[in-house]
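Trainee: Can you read through this structure? Questions will come right after.
The values are calculated or read from the model by the stated rules, or taken from the named source; none is laboratory data. Remember, predicted model here, so these are calculated numbers, not experimental data. For neighbour counting, all protein chains shown are included, and Cβ atoms are generated from backbone atoms with ideal geometry for every residue, glycine included.
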Amino acid sequence: MIHPKEMATVWVIRGGERNRLVPTFLRDGSIGVGYPTIGDGRSVDRAKALRLLTTDDEAAAPEAAAAMFLSFVRRVEIGDIVLMPDPQESGMACGVVTGDYEYRDQVPLDQYRHRRAVDWRRRLPYHLLPERLENVPRQRQTLNDVADGKLRDLAKQCCAGDVGDDPFVRKSPPVRSSSGPRARRPPKPPKATVPERRCMSCFVSKPEELFEDGGDWCRDCR
């Protein structure tokens, strides 16, 4: 088992759009980033990454995207700590990087081919984060190195198993209560109708009781 470095860089990395790949990365023992227009990152420099990302309609900020991609390929090191927000479980999966950058071309594009092996250890609950770091799990960047001593200490404790819970144990999806078919409301009784006639003088329909002796004029017009 690889231990985190003494001064390990703590990387906060999102598990795909809207965290959809969190279960996949936990299952595969890895972490990944997208950038489908870029092939094997080991042969990509900043200029090439920028050129490829400029043609990607989904890359809103090519320069920032290129910097994050190259950080994943070159700056993340074995022994660094990764924290992956897992909102469904109100915590961040915590693990140690155990492998160099890999381009897994057999992986479907939508599951991210740019990968690094990770030994997932524990899940750090959000409520243990200090107030100044409460927004870390909601970061918008794909990858961010957070230089904070308190976060590093918490992450190292988590990796050692001193805090947090098992990242592979997930809550069951909420089950909707079933109380049988919804009872239908009884139909409303029909409104009582009053026989009416049209007065040939005012041309207004009125109850028949206002017409005396079978005449065509109502009582109001007589």
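Trainee: When residue 164 is evaluated against the numbered criteria (1) at pLDDT below 65; (2) under 25 Å from the mean Cα position of the chain (by Cα); (3) of a type in the set (Gly, Ala, Ser), which criterion, by number, is the only one it fails?
Mentor: For residue 164, the failing item is (1).
Trainee: I need the full set of residues from segment 2-34 which are closer than 16 Å to residue 167 by Cα, among the hydrophobic types (A, V, I, L, M, F, W, C) and part of a loop (DSSP other than H, G, I, E, B), in order please.
Mentor: 21
Trainee: Can you name the residue in segment 104-121 that is charged (D, E, K, R) and touching a Ser or Thr at 6+ places or on another chain (Cβ under 7 Å) and, of all such residues, is surrounded by the most Cβ atoms within 10 Å (Cβ to Cβ)?
Mentor: Filtering segment 104-121 down to residues charged (D, E, K, R) leaves 104-105, 110, 113, 115-116, 119, 121.
Checking the rest, the ones that are also touching a Ser or Thr at 6+ places or on another chain (Cβ under 7 Å) come to 115-116, 119.
Numbers: 115: 21, 116: 23, 119: 17.
The residue in question is 116.
Yes or no, residue by residue, for (1) within 17 Å of residue 107 (Cα to Cα); (2) within 19 Å of the chain's Cα centre (by Cα):
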residue	(1), (2)
24	yes, yes
28	yes, no
36	yes, no
43	no, no
50	no, no
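Trainee: Any residue in segment 12-36 that's in the same structural domain as residue 129 (by TED's automatic domain parsing) and over 23 Å from residue 74 (Cα atoms): show its pairings with residues that are of a type in the set (Asp, Glu) and buried (at least 21 other Cβ atoms within 10 Å of the Cβ) at Cβ separation under 7 Å, as long as the two are six or more apart or on different chains.
Mentor: The qualifying pairs are 19/86.
Trainee: Return the only residue of 176, 197, 182, 222 being in contact with a Pro (Cβ under 9 Å, 6 or more places away or on another chain) and either at pLDDT 65 or above or surrounded by fewer than 10 Cβ atoms within 10 Å (Cβ to Cβ) (or both). Give the derivation first.
Mentor: Numbers: 176 fails: in contact with a Pro (Cβ under 9 Å, 6 or more places away or on another chain); 182 fails: in contact with a Pro (Cβ under 9 Å, 6 or more places away or on another chain); 222 fails: in contact with a Pro (Cβ under 9 Å, 6 or more places away or on another chain).
When all the criteria are applied, what remains is 197.
Each row is one residue, and each column tells you yes or no for (1) more than 18 Å from residue 9 (Cβ to Cβ); (2) surrounded by fewer than 17 Cβ atoms within 10 Å (Cβ to Cβ); (3) in the same structural domain as residue 26 (by TED's automatic domain parsing).
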position: 89; (1), (2), (3): yes, no, yes
position: 123; (1), (2), (3): yes, no, yes
position: 134; (1), (2), (3): yes, yes, yes
position: 139; (1), (2), (3): no, yes, yes
position: 155; (1), (2), (3): no, no, yes
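Trainee: Separate question: Which condition number does residue 71 fail, the rest of (1) in contact (Cβ under 8 Å) with a residue 12 or more places away in the chain; (2) part of a helix (DSSP H, G or I); (3) more than 20 Å from residue 102 (Cβ to Cβ) being met?
Mentor: (3)
Trainee: With the requirement that a residue be in contact with an Asp or Glu (Cβ under 8 Å, 6 or more places away or on another chain) and not in a loop (DSSP other than H, G, I, E, B), what does segment 35-58 give you?
Mentor: 50
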